[in-house]
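What follows is a single structure, written as structure tokens, with notes after it.
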Amino acid sequence: MLGNETIRILAQTVRNADGTVTVHDVDVDVAGCWVGPLTTEERRARGVDGDDTVLRVGLPITSGLGRDATLVVRGKRYRVLGEPEPYIDEDPELNGYDITVYRKLG
């Protein structure tokens, strides 16, 4: 990814094959990320409530990043919205995730 921000992955919730849910503490910093706001159209397409804080985040491919991850972006905790799918490009510098993260207000 081509960014200059660092994102911290705090925890990842994993559902095992038998249905057991466990939370794994990850606590790892990921450098080379970018962060930006969603457009009004993107917010509407994702069904985001107007009171929620929602950001678009790009980060390098990181093992264990799933839809139940807790991330720290610019000092605040966010949850991943949806299942992260890695983007693979011919140029390895462009490989990574383009995800939406949110935090509820209140």
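The values are calculated or read from the model by the stated rules, or taken from the named source; none is laboratory data. Worth saying up front: this structure is predicted, and the values here are computed from it rather than measured. No Cβ is skipped: glycine too gets one built from the backbone with ideal geometry, and neighbour counts run over all protein chains shown. Accessible surface is based on the protein model in full, side chains and every heavy atom, while ligands, DNA and RNA are left aside. Shrake-Rupley method; radii C 1.70, N 1.55, O 1.52, S 1.80 Å.
Under the combined filter of DSSP loop state and at most 14 neighbouring Cβ atoms within 10 Å, region 53-106 retains these trypsin sites (Lys or Arg not before Pro): R67, R74, K104. Carbon-plus-sulfur accessible fraction, the chain (probe radius 1.4 Å, protein heavy atoms only): 48%. All Cα-Cα distances of region 38-82, cut into 5 Å bins from zero to the largest, leave 5, 18, 29, 25, 17, 6, 0 percent in each bin in turn. A 1.4 Å probe run over region 10-81, with the rest of the protein chains in place, finds 59 Å² accessible per residue. The structure-derived value of Rg and Dmax of the Cα atoms in Å appears in the list (i) 12.7, 35; (ii) 17.3, 62; (iii) 14.0, 43 under the label (iii).
Build a GNM of the chain with springs between Cα atoms under 10 Å apart, and of L81, L71, L94 the one that fluctuates most is L94.
3J(HN,Hα) couplings calculated from phi for region 31-39 with the Karplus curve 6.51 cos²θ - 1.76 cosθ + 1.60 (θ = phi - 60°) are, in sequence order, 8, x, 9, 10, 9, x, x, 8, 6 Hz; Gly and Pro show x.
Size descriptors for region 10-52: radius of gyration and Dmax over Cα atoms are 15.9, 40 Å.
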